[in-house]
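Okay, so here's the structure we're looking at.
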Amino acid sequence: MSLPLAELARYLRAELRGDPDHRISAVASLNRAGESELAFVGNAKHLAALSSTRAGAVLLGAEHAHGYAGNALIAADPRLAFARAAELLHPPRRSAPGAHATATIDPAAVVAKSAWIGPHSIVEAGASIGERCQIGAGCHIGAGATIGSDTNLVARVHVGERCTVGSRCLLHPGVVIGSDGFGFVREDERWVHIPQLGRAVLGDDVEVGANTTVDRGALEDTVIGNGVKLDNLIQIAHNVRIGDHTAIAAQVGVAGSAVIGRRCTVGGQAAIMGHLEIADDVHVTAASLVTTSLREPGTYSSSFKAVPAQGWRRAVARLGQLDGMARRLKQLEERLKQLTMGSKA
Amino acid sequence: MSLPLAELARYLRAELRGDPDHRISAVASLNRAGESELAFVGNAKHLAALSSTRAGAVLLGAEHAHGYAGNALIAADPRLAFARAAELLHPPRRSAPGAHATATIDPAAVVAKSAWIGPHSIVEAGASIGERCQIGAGCHIGAGATIGSDTNLVARVHVGERCTVGSRCLLHPGVVIGSDGFGFVREDERWVHIPQLGRAVLGDDVEVGANTTVDRGALEDTVIGNGVKLDNLIQIAHNVRIGDHTAIAAQVGVAGSAVIGRRCTVGGQAAIMGHLEIADDVHVTAASLVTTSLREPGTYSSSFKAVPAQGWRRAVARLGQLDGMARRLKQLEERLKQLTMGSKA
Amino acid sequence: MSLPLAELARYLRAELRGDPDHRISAVASLNRAGESELAFVGNAKHLAALSSTRAGAVLLGAEHAHGYAGNALIAADPRLAFARAAELLHPPRRSAPGAHATATIDPAAVVAKSAWIGPHSIVEAGASIGERCQIGAGCHIGAGATIGSDTNLVARVHVGERCTVGSRCLLHPGVVIGSDGFGFVREDERWVHIPQLGRAVLGDDVEVGANTTVDRGALEDTVIGNGVKLDNLIQIAHNVRIGDHTAIAAQVGVAGSAVIGRRCTVGGQAAIMGHLEIADDVHVTAASLVTTSLREPGTYSSSFKAVPAQGWRRAVARLGQLDGMARRLKQLEERLKQLTMGSKA
């Protein structure tokens, strides 16, 4: 695909400065872009690269445009416009409708004619695959599971029985939706398994990163809201509920029955304990541990930054002495008080 | 399946109050249960829902039963009884014995007649699959590996060559048993791989969550005891030994050659360093880091709870000043001592 | 395979004491080794086991050899020599060249005659598989992806389109190379996906542990240097660059655009934030969080060790009081100063 700049500007609602007929066929970084490519300036750090770019056109904000003599598309939010341009010029590869010869589709499954079922994929009885879905190689859609329309399971995605994935979702390789929740009751020293009977339910426009796991609910459902974005290697336990448009970075763990609000962000490797509530618009920084409900929007943290190990060991040792220091401080205050009273007397 | 309450009460060893002929066919939550469903009261928080439930019967403890007029099953441990009822009423789906046409089974493998081998699964030479096993879609049983009887590999489980999984185990999608341990020796700046020649050996009644990995031992074996429960995305390194009935929550990492006792619990995202020993009945809280042997039973912790980021930053900055504060405190004590001696003189 | 000790000594450049014709066919631990097996003494802790070993020969350093009367191979670095011996005596199982009947290989893929493509594996159009590669069961090599020579993908490895894996690499089950990076732009409350157009590029002699994920770059590439060793369940985000011979332990997360130097080591569960640089020869301890560039070689840390929970709770509470303690300390100093000046006056 290749477009004249005038058309691209219209599509992106950007102001065009330069040659309206110059054709663009791809996006690239400022450093690598050539004649037929569009690059972008996201912030002031990019300005050095801008001065030497050979890009056919550059997307930037008005504040960075004045000094640039080449073809320019000026947008209110250049990063957003660039994402749009990239989506337009680099549409995801789609396989033609139909099922690969090696796919195993149960006669009692319902697969839309416009969907593609890849090699070695399995669709079980009662499962339903929506219009224009791409079910990649080695996927497994369990009995009675439902996949909405225009959803893309890249490869090797497991959707357990009766679970639901919405429309326009993107699930990466190794994702497991609907594994059993970790539910046991102790009997003497043994653990007795509690059957996990709920479902995992993903809304529309959900993205799930590679090897992330979403457990099914115990009795009710695990629910991932619309527009939620989950990065790689995340654990979502049973009965968790995540509000719309919340984004969670890699390796975060969310324990059972936690309820997370809308538009939250959770930094990588953070952990959220179970049976608590997090309000809308809460932001948890990377590697922090949420142990109680967070009822107010805002940013929360409990992590330390790495420093040279020697200094760190000293600080950690001092932390162990803190209790004693607090007591000595109190004693000092008392003795000084007595002394002062004495000297006043 | 559907049972009269009298029979269910006998099976659960519960006391029945109400209609012995009322038939129950499923379990459900208090909020959702209908006429033919059994719900349960686990603790006082459930009492509000109890007052409005439409469940056909409710499982509860004697302390919560007095105010309830509906059909009731009174049990010493309602949660345990509920787990039993759920298991009885919702037996896991089983596929009929045999192998799917797309499974690849080496002629030199031994597969019990009562076992099921799912689509696109692979059983290599010398592997052995026990009675009534369910080997789900896309599983891979390596050469010489052994799977006990009544074990269920849900889907896409990898059991490496010569590894052993016991009886009545449940392994979820994406599990890897018997990947190489992370063993290298430095030679100048390069790392030389140390062949990993041991096995991973899982006992009976072990449950392993989605995408969890258990490395094989370097020379001896990695050993997971009977009744051990591992949640999702856990890493068990080479030569680790985990005692019977220990339960480990999601995303925990256990480093090489660590030995963990019986009946321990480890909270989510905790890390246990290598070459150390943890006694029986030790509990490690979520996100804690165990760096030394823990020889006494009890609860251990090293994690902080997330607080508003501004306050946290101040606390962290103070931690950096702690060394200086300790010195200033000491100075004050000395000066005050001198002063007191002076005033006494 | 079985070798006389004289030959093994020559191969390992070790000094032989004992019977040059004694044949060795395997390696084993001191406790388990028998007549035809080679064991090793890595450090003084092994000396107790040495005294009772029945190994046919023992590899050890000169400092441990004097008291041992059996067959001995004395090496400068016994651990390294042992790794070499293990590699020689236990070569990895190799399948014969060719493709399994159930493999799906696109006619437009280039597969070396000496390579093996396992059951249910998929090689897409334009992909290239080098000489003597072993592509295990259920692997997926995307369109245009390149695998160097002598590389071993154990099973169920996903290599996304256009990504590159070097020669002599070893990728374990569940590895995902080239999943999309986690790139979004906010538009009102929605997240707009930024197409991830770069590649993931792995050098030669790279090892990647089970279920580890390496995202492709956004515009440029994610680059893993030669000889890099990644353990299980690691997350490498888009545009990360890792220098040669760096080793990273399990469950580490590296966020987008981080640049890590050569010969670094990162302990398990550590997290490295995005858009920062780490110098060569930096070591990050387990469970630490790197939030800023580390420009000097050395060891960095930010983790605490687990202690009995009661004591820990007290220390954590004191940390919350630290701000107040600092203020009180300052007041004391001032009052004492006034007092001293007063008493001097």
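The values are calculated or read from the model by the stated rules, or taken from the named source; none is laboratory data. Values in this document were obtained by computation on a predicted structure and should not be read as measured data. Methodologically, a virtual Cβ is constructed for each residue, glycine included, from the backbone with ideal geometry; neighbour enumeration extends over all protein chains shown. Just the protein is used for accessible areas: all its heavy atoms, side chains included, with ligands, DNA and RNA removed. Shrake-Rupley method; radii C 1.70, N 1.55, O 1.52, S 1.80 Å.
Check the straight Cα-Cα distances from C:Lys305 and name the aspartates and glutamates below 20 Å, setting aside those fewer than 8 residues away within the same chain.
A:Asp323, B:Glu277, B:Asp280, B:Asp281, B:Glu296, B:Asp323
Using modelled backbone amide H atoms (1.01 Å from N, in-plane), which distant-in-sequence or interchain residues come within less than 5 Å of A:Val282's amide H?
A:Cys264, A:Thr265, A:Gly298
In square angstrom and rounded to 100, what buried accessible area do you get between chains A and B, total over both, with the probe at 1.4 Å? Each step should come with its number before you reach the end.
Numbers: alone 19320 and 19290 Å², together 32700 Å².
Summing both sides, the interface buries roughly 5900 Å².
How much accessible area per residue does the protein assembly as shown have, counting only protein heavy atoms and a probe of 1.4 Å, in square angstrom?
Details: 40680 Å² over 1035 residues.
Ligands and nucleic acids excluded, the result is 39 Å² per residue.
What share of the DSSP beta bridges in segment A:180-253 is antiparallel, in percent to the nearest 5?
On the way: 4 of 16 bridges.
Beta bridges within segment A:180-253, antiparallel portion: roughly 25 percent.
Using a Förster distance of 41 angstrom, determine the FRET efficiency expected from the C-beta separation of B:Arg295 and A:Lys305, and round it to 0.05.
After rounding to 0.05, the efficiency reads 0.80.
Summarise the accessible area of the protein assembly as shown (1.4 Å probe, protein heavy atoms) by the percent that is carbon and sulfur.
On the way: 20770 of 40680 Å².
Carbon plus sulfur share of accessible area: 51 percent.
State whether the protein assembly as shown is rounded, prolate or oblate according to the following rule on the C-alpha gyration tensor (a ≥ b ≥ c being the square roots of its eigenvalues): a/c under 1.5 gives rounded; otherwise a/b larger than b/c gives prolate, and the remaining case gives oblate. Let's see the in-between values first.
On the way: a/c = 1.14, a/b = 1.14, b/c = 1.00.
Note, shape of the protein assembly as shown comes out rounded.
Looking at chain A as a GNM with Cα springs under 10 Å, which of A:Val208, A:Val254, A:Val27 has the largest mean-square fluctuation?
A:Val27
Please calculate the 1.4 Å probe accessible area of B:Met1, with all protein chains present, and give it to the nearest 10 Å².
130 Å²
Share of antiparallel DSSP beta bridges in the protein assembly as shown, in percent to the nearest 5? The partial results should precede the final answer.
Details: 33 of 232 bridges.
Around 15 percent of the beta bridges assigned by DSSP in the protein assembly as shown are antiparallel ones.
5 Å is the cut-off here: which amide hydrogens, built 1.01 Å from N in the peptide plane, fall below it relative to C:Ala99, excluding neighbours closer than 5 in sequence?
For C:Ala99, whose amide H was placed from the backbone, the distant partners under 5 Å are C:Ile117.
Please give the FRET efficiency for A:Ala108 paired with B:Arg32, using the beta carbon to beta carbon distance and R0 = 25 Å, rounded to the nearest 0.05. Each step should come with its number before you reach the end.
Working: r = 27 Å, r/R0 = 1.07.
With R0 = 25 Å, the Cβ-Cβ based efficiency is 0.40.
Whole-Hz Karplus ³J(HN,Hα) for segment C:54-59, in order, using 6.51 cos²θ - 1.76 cosθ + 1.60 and θ = phi - 60°, x for Gly and Pro?
Once rounded to whole Hz, the list reads 10, 5, x, 7, 10, 9.
List the distances, in nm and shortest first, from the label point of A:Ala101 to the matching label points in every other copy, placing each point 7 Å from Cα along the Cα-to-Cβ direction.
Counterpart label points of A:Ala101 in the remaining copies fall at 1.4, 1.4 nm.
Just to confirm the numbers: B:Gly320, label point 7 angstrom along the Cα-Cβ line, distances to the other copies in nm, shortest first?
Between copies, matching label points for B:Gly320 lie 2.4, 2.4 nm apart.
Testing the spin-label approximation: label points 7 Å from Cα along Cα→Cβ at A:Asn43 and C:Arg54. State their distance in nm.
Spacing of the two 7 Å Cα→Cβ label points: 6.7 nm.
Indicate the gyration tensor shape class of segment B:236-300 (rounded, prolate or oblate), computed on the Cα atoms with a ≥ b ≥ c the square roots of the eigenvalues: a/c under 1.5 is rounded; otherwise a/b larger than b/c is prolate and the rest oblate. If you can, show how the numbers build up before the last one.
Working: a/c = 1.23, a/b = 1.05, b/c = 1.18.
Cα axes put segment B:236-300 in the rounded bin.
Between the label point of C:Ser51 and that of the same position in each other copy, find the distances and list them shortest first in nm, with every label point placed 7 Å from Cα along the Cα-to-C-beta direction.
Going from nearest to farthest copy, the values are 7.3, 7.3 nm.
How about segment B:66-175: which trypsin sites (Lys or Arg not before Pro) there are in a DSSP loop, with at most 13 other Cβ atoms within 10 Å of their Cβ?
Details: sites: B:Arg79, B:Arg84, B:Arg93, B:Arg94, B:Lys113, B:Arg132, B:Arg156, B:Arg162, B:Arg168; in loops: B:Arg93, B:Arg94, B:Lys113, B:Arg132, B:Arg156, B:Arg162, B:Arg168.
The qualifying sites are B:Arg93, B:Arg94, B:Lys113.
Cα gyration tensor of chain A, axes a ≥ b ≥ c as square roots of the eigenvalues: rounded (a/c below 1.5), prolate (a/b > b/c) or oblate?
It comes out oblate by the Cα gyration axes.
If one computes the Cα centroid of segment B:59-80 and of segment B:279-331, what distance in Å separates the two points?
Centre-to-centre (Cα) distance: 42 Å.
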